[in-house]
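Encoded as structure tokens, the structure appears first; notes follow it.
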Amino acid sequence: MSLRKTLKYISFSILSVLAFIVIVGLLFITLSPQFGGTHTEEDIKRYTASGHYDDGEFINLTTTTMDMNMDSIWSTLREFMAGVPNDRPARNIEVLSMEVGDVVNNDTLTRVTWFGHSAFLVEMAGKKILLDPMLGDVPAPHPWLGQSRYSKELPISIEDMPHIDAVFISHDHYDHLDYESIEKLKGKVDQYYLPLGVGAHFRAWGIPEEKIHELNWWDEAELGNIKLAFTPSRHFSGRGLTDRNATLWGSWVLMSEKDRLYFSGDGGYGTHFKEIGEKYGPFDLGMMECGQYNVKWAQIHMLPEESAQAAVDINAKLMMPIHWGAFTLALHSWTDPVVRVKKKADELNMPISTPRIGEPIVLHQEKYPISSWWENYL
């Protein structure tokens, strides 16, 4: 075979492989249920009427950008490929197991149990509520596209999960909204409270319309004796290549007769925290995003020091750092969030709780979990 023919053959082979990869990728994006639903003309009319939708996208209350030009993107990719020291625990994190009977029989205590990252089981006013139940192993549309969680187990498996009165979602990113988790939970959940637009995903996944409640910022609703409100955050959304900001994002307020909880979801620091605190505070517990940050995208993910200040702004009596302890999604050590936020919280005289995964925070007890458990995994 001549050199010319050999080069032609090699070129054809490379192009064939690239074409195959592109075709498989397009088929996966088109056919995989992971990417969720599409939006009808009626949906778009609802979004436009929200006051936070413009030119086909939801928008933040204040101008928000990611400081990422092409040079910055390439440098960030190189940093991710190189990795950072201590980006994962030295060994698998051991979690505390939950007793199903304790959850089923709890009608009086307000109890908040962390599942790692931003996933929680909240027991409040006799209701069982899941917040951002990403209970899968990899926060990505396919296991090949991400790293697994730090722990091999959860405090309680989906199969053993008791009846759930409601699931609350803050936004549709994969580390907060997991298709497989929603599928496995289907037969256990009564109601779903979602940001505007996220309902399209749940309809595509076979959730009955009567169980879906989509809320705009500052909308309020009731779940039994719990009053809830969907409040702003400073972030963005999207699950595919073409749906950036097609759905809303935000934070949640849950209020019973005796307790008030705030769940921040994801987002950068802003004046909305004080507004939320003035309208709905003080809060007995603020679950505050603290992790997966970088100065390049500080407008959409708070730095730890800002997380502590945000807890002050919402008028929290106690804060808990979330969005860490389960996945590596940014270029900092896995312990950096909790170490930095704890230091700043102490400076601000903001009480802080740092439970292990599966260790409950029970409101109105004299003591809350405060151990530096992460030091056992360095």
Mind checking which lysines have their C-alpha under 20 Å from LYS258, skipping anything on the same chain fewer than 8 residues away? LYS127, LYS128, LYS227, LYS279, LYS317, LYS367
Here region 188-196 yields Karplus 3J(HN,Hα) values (6.51, -1.76, 1.60; θ = phi - 60°; whole Hz; Gly and Pro given as x) of 10, 10, 7, 9, 10, 10, 9, x, 3
If the cut-off is a Cα-Cα distance under 19 Å, which aspartates and glutamates reach LYS188, setting aside same-chain residues fewer than 8 apart in sequence? GLU99, ASP102, ASP107, GLU123, ASP132, GLU159, ASP160, ASP165, ASP178, GLU180, GLU209, GLU210
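If you count the DSSP beta bridges with both ends in region 184-277, what percent of them are antiparallel, to the nearest 5? Could the numbers behind the result be given before it?
On the way: 13 of 17 bridges.
For region 184-277, the DSSP antiparallel bridge percentage is about 75.
Of the peptides 79-87, 309-317, 241-249, how do they stack up when ordered by the mean number of other Cβ atoms within 10 Å, highest first? Each step should come with its number before you reach the end.
Values: 79-87: 11.6, 309-317: 22.8, 241-249: 20.2.
The most tightly packed comes first, giving 309-317, 241-249, 79-87.
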Using a 1.4 Å probe on heavy atoms of the protein chains only, the accessible area for LYS45 in Å², nearest 10, reads 130 Å²
Phi angles of region 302-313, converted by Karplus (6.51 cos²θ - 1.76 cosθ + 1.60, θ = phi - 60°) into ³J(HN,Hα) in whole Hz with x for Gly and Pro, give 5, 6, x, 5, 6, 4, 5, 5, 5, 5, 5, 4
Suppose every Lys and Arg Cβ carries +1 and every Asp and Glu Cβ carries -1, with no other charges. What dipole size does the chain come out with about its Cα centre, to the nearest 20 debye? 1180 debye
Hey, if you put +1 on the Cβ of every Lys and Arg and -1 on every Asp and Glu Cβ in the chain, which of MET288, PHE273, HIS142 ends up farthest toward the positive end of that dipole? HIS142
³J(HN,Hα), Karplus 6.51/-1.76/1.60, whole Hz, each residue of region 272-287, x for Gly, Pro: 4, 5, 5, 5, 5, x, 5, 7, 10, x, x, 9, 5, 8, x, 8
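Test of understanding: what is the full-extension gain from VAL339 to GLU79, defined as 0.36 nm times their sequence separation minus their Cα-Cα distance? Spell out each step's value before the answer.
Working: separation 260, 0.36 × 260 = 93.60 nm, distance 2.23 nm.
That pair, VAL339 and GLU79, stretches by 91.4 nm at full extension.
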Given a 1.4 angstrom probe, what's the average accessible area per residue across the chain, in square angstrom? 47 Å²
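Quick one: with all protein chains in place, what share of the accessible area of region 100-376 is carbon or sulfur, to the nearest percent (1.4 Å probe)? Walk me through the intermediate numbers first.
Values: 4610 of 9820 Å².
With neighbouring chains kept in place, the figure for region 100-376 is 47 percent.
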Using the Cα gyration tensor of region 124-262, with a ≥ b ≥ c the square roots of its eigenvalues, what is the shape: rounded (a/c below 1.5), prolate (a/b larger than b/c) or oblate (neither)? oblate
Over the chain, what is the percentage of antiparallel beta bridges among all DSSP beta bridges, to the nearest 5? 55 percent
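The values are calculated or read from the model by the stated rules, or taken from the named source; none is laboratory data. Predicted model only: the values in this text are computed from it and were never measured. Because the Cβ atoms are built from the backbone with ideal geometry, glycine has one as well, and the counts that use them run over all protein chains shown. With ligands, DNA and RNA removed, areas are computed over all heavy atoms of the protein, side chains included. Shrake-Rupley method; radii C 1.70, N 1.55, O 1.52, S 1.80 Å.
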